[in-house]
Amino acid sequence: FVLPIFCMFIYSIYFIFILLDKERRLFTLESNIYTKIFDEKGNVIYSSKRLERINIPHDVNIDIPVKIDKYDKDLTYLNTIFKSDDKVFYIQVIKDMENEYLFLKLLFILMFFADAAGIFVSFIAGYFVTKRALRPVDYMTKEVREIDAHGLNKRLKIYGEDDELTRLAKTFNDMLDRLEDSFKRQNMFVSDASHELRTPISVIKGYIDMLDRWGKEDKAVLQEAIEAIKRETLDMEHLIERLLLLAKGDNKSIKLNKEQFNLKDVIKEVAEEIKMLNESKNIVVKGQNDINITADKKLIKELIRIFLDNAAKYTSSDGNIEIDVGKDNSKAYIKIKDDGIGMPQEDIPHIFDRFYRVDKARAKETGGAGLGLAIAKWIIEEHKGSVTVKSEVGKGSEFTITLPLR
């Protein structure tokens, strides 16, 4: 590509010198303007030698230049009538336009090759400028190719200039931060889930071994093993159901089945269930009666059940649990307050994390895998609600749940 352009450029320079030389020689002529003078009868009184064989009408007064396309020449002429002492003369002025047309051709050729040279220079300059400008993109491409599931801690370098590439790198780093956080939570989730499932499986396996050794002869051992296996199986089933619920929630595959219902009636229903399992606890439901909300009734019942179940677990045998329900403008609120053991302030920000338990030793006694509050928070967020927590060690806890009425 470069060689033909270079050859054309050299040829154009050579051709321009030839034209310039011809132009110089043409302009050194005596004149390129010729005249003819006629008398009133049309006889030629005077004529330039170059016009002897050129016949142009002379008896018409023409004060505007007229071009002639004859005689293979580029001629332009004017006619005028001159009167003197009752005599009439016709004067004809003719100009040879060869020099002007030659200059225009020369100018056209110069402009053509100047444009060609400009395009060529622009192409070369644009190539190098673009290559330099896209160098950070090549770097980013190489860096991104090296990032995989095991190298999510890598980040793209951000330079000082605040341009489009810098903003792109920042956006990509933000995305990597979210991906890294998601992978960490996923790995932690899988690890914790495996640990929680390992415990009941180990217990079941232990009782099966005990059955194999003594269960055939000792009915008491047989009954104990069967009850333990049933209990652990139910716990494991409950854990798996909650894990599946969270997994579906993460994948956005659960569609809310919204309907209108009375919120206080649902709370009373769940409170009665919890009271049947914890007869010594004093559970009181109060507040407004006419609170109708549009939500997924099944999930709201599960939400109330989780909070009341937690309150019952961490409240003494004769403890008090109070549920207050009301509404404020376009939102309904549920306050669940207990006088249980409470929790330290440093644990409050983490209680909605999956598998997080404030007192791991006590959690073994009360059961549960630390998934309840995580599910509760997910249900609240799906309904565009919010939850706040107040707690003090030895004095109890208070959860305030806010849900939109529609």
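Read-outs throughout are calculated quantities, based only on the coordinates presented, and are distinct from any laboratory measurement. For clarity, every value in this text was computed on a predicted model and none was experimentally measured. In this analysis, Cβ positions are derived from the backbone assuming ideal geometry, glycine residues included, and neighbour counts consider all displayed protein chains.
The Kirkwood radius of segment 193-352, taken over pairs of alpha-carbon atoms, gives through the Stokes-Einstein law at 20 °C and 1.002 mPa s a diffusion coefficient of 113 µm² s⁻¹. Value of Rg to Rh for segment 157-263, rounded to two decimals, is 1.32; Kirkwood radius and Rg both from alpha-carbon coordinates. Legend: ranking of residues ILE91, ILE124 from fewest to most surrounding C-beta atoms inside 10 Å; resulting order ILE124, ILE91.
Among the listed pairs LYS170/LYS377; LYS157/LYS248; LYS301/LYS377; LYS184/LYS377, those with a Cα-Cα distance over 25 Å are LYS170/LYS377; LYS157/LYS248.
Please identify which residues in segment 367-403 have an amide N closer than 15 Å to a label point set 7 Å out from the Cα of GLU346, following the Cα→Cβ vector. Once the point is set 7 Å along Cα→Cβ of GLU346, 393 turn out to lie under 15 Å by backbone N, inside segment 367-403.
For segment 218-352, DSSP calls about 70 percent of its internal beta bridges antiparallel. Between LYS248 and ARG185, the distance separating the two model label sites (each 7 Å from Cα on the Cα→Cβ line) works out to 2.0 nm. Extension gain, LYS255 to SER84, is 50.4 nm, computed as 0.36 nm per intervening residue step minus the present C-alpha separation. At the listed q of 0.16, 0.20, 0.22, 0.25 Å⁻¹, the Debye profile of segment 220-267, built from one uniform point per Cα, gives log10 I(q)/I(0) equal to -0.72, -0.80, -0.84, -0.89. Here the residues ASP328, ASP86, ASP235, ranked from fewest to most Cβ neighbours within 10 Å of their Cβ, fall in the order ASP86, ASP328, ASP235.
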